[in-house]
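The values are calculated or read from the model by the stated rules, or taken from the named source; none is laboratory data. Every value quoted in this text rests on a predicted model; they were computed, and no experiment measured them. Cβ atoms come from the backbone with ideal geometry, glycine included; neighbour counts cover every protein chain shown.
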Amino acid sequence: MGAFSRQKGMRAEREICKILSSWWGCEFVRCPLSGGWSNAKTRDEKNAHGDVIASASFPFSVECKHVEGWTLEQVLKSDKSIIVDWVDQVLSQTPDNKCPLLVFRRNRTPFFYLMPFVDEVLQERCYLVRLRDRVWQIGLLSDLTKIPKERMMQIAQKGKCSI
């Protein structure tokens, strides 16, 4: 990965931290070296997983992507999209007590989210897709962050990762 791509990814992570901080009411920061703690014990002690971490209890493990070369149509219609690789990554990094949350975008587009579908559609403007033998909900992050955090805690409880 080139320096420009890394910088673009770090900018996206910082922007997502601001969005999540405003929504959840606590500080979010980029995980040191985005996974650079190779020791599982250290990660667990620091509650570090994914690309961003919260200063308070947050029920999601967040993976961030700012990548070109994909379209929403590919995400919705193909199981061969780059999104499948991202899903594999977020699933492999999500602890059992957290719910996976993938946040992604291309240049000049809003952030989208992808999370396990539990038992209800969270908002009107979202889609359901089947990836890796699981149904996922995809929509705009700006719509997701309008849902009260108490409700999101309940939803995350149902969508916990079990791999």
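Apart from one condition, S22 fits all of (1) of a type outside the set (D, E); (2) part of a helix (DSSP H, G or I); (3) modelled with pLDDT of 90 or more; (4) within 15 Å of the chain's Cα centre (by Cα); the exception is (4). Can you confirm whether the stretch 30-48 contains a residue that is among the charged types (D, E, K, R), modelled with pLDDT under 85, under 26 Å from M153 (Cβ atoms) and in contact with an Asp or Glu (Cβ under 6 Å, 6 or more places away or on another chain)? The answer is no; no qualifying residue exists. Scanning for something among the acidic types (D, E), within 17 Å of the chain's Cα centre (by Cα) and at pLDDT 85 or above, does the stretch 79-98 turn up at least one residue? The answer is yes; a qualifying residue exists. The numbered conditions (1) touching a Ser or Thr at 6+ places or on another chain (Cβ under 9 Å); (2) buried (at least 18 other Cβ atoms within 10 Å of the Cβ) are all true for T145 except (2).
Identify, by number, the condition in (1) surrounded by fewer than 13 Cβ atoms within 10 Å (Cβ to Cβ); (2) farther than 19 Å from P59 by Cα; (3) small (G, A, S) that S92 doesn't meet. Of the numbered conditions (1) surrounded by fewer than 13 Cβ atoms within 10 Å (Cβ to Cβ); (2) farther than 19 Å from P59 by Cα; (3) small (G, A, S), the odd one out for S92 is (2). Filter the stretch 105-163 for residues that are modelled with pLDDT under 90, assigned to a loop (DSSP other than H, G, I, E, B) and of a type in the set (S, T, Y) and give the result. The answer is S162, and nothing else.
Taking every residue in the stretch 9-28 that is more than 17 Å from P148 (Cα to Cα) and pairing it with any residue that is surrounded by fewer than 18 Cβ atoms within 10 Å (Cβ to Cβ) and acidic (D, E), at least 6 positions away or on another chain, the pairs with Cβ-Cβ distances below 9 Å are C17/E27.
On the stretch given as the stretch 56-87, residues that are touching a Cys at 6+ places or on another chain (Cβ under 6 Å) and closer than 23 Å to K8 by Cβ total 1. In this structure, is L131 in contact with an Asp or Glu (Cβ under 9 Å, 6 or more places away or on another chain) and not acidic (D, E)? Considered against the rule, which asks whether it is in contact with an Asp or Glu (Cβ under 9 Å, 6 or more places away or on another chain) and not acidic (D, E), L131 comes out as yes. Right, R130: in contact with a Gly (Cβ under 8 Å, 6 or more places away or on another chain) and surrounded by fewer than 16 Cβ atoms within 10 Å (Cβ to Cβ) or not? Judged against the criteria, R130 is not a match.
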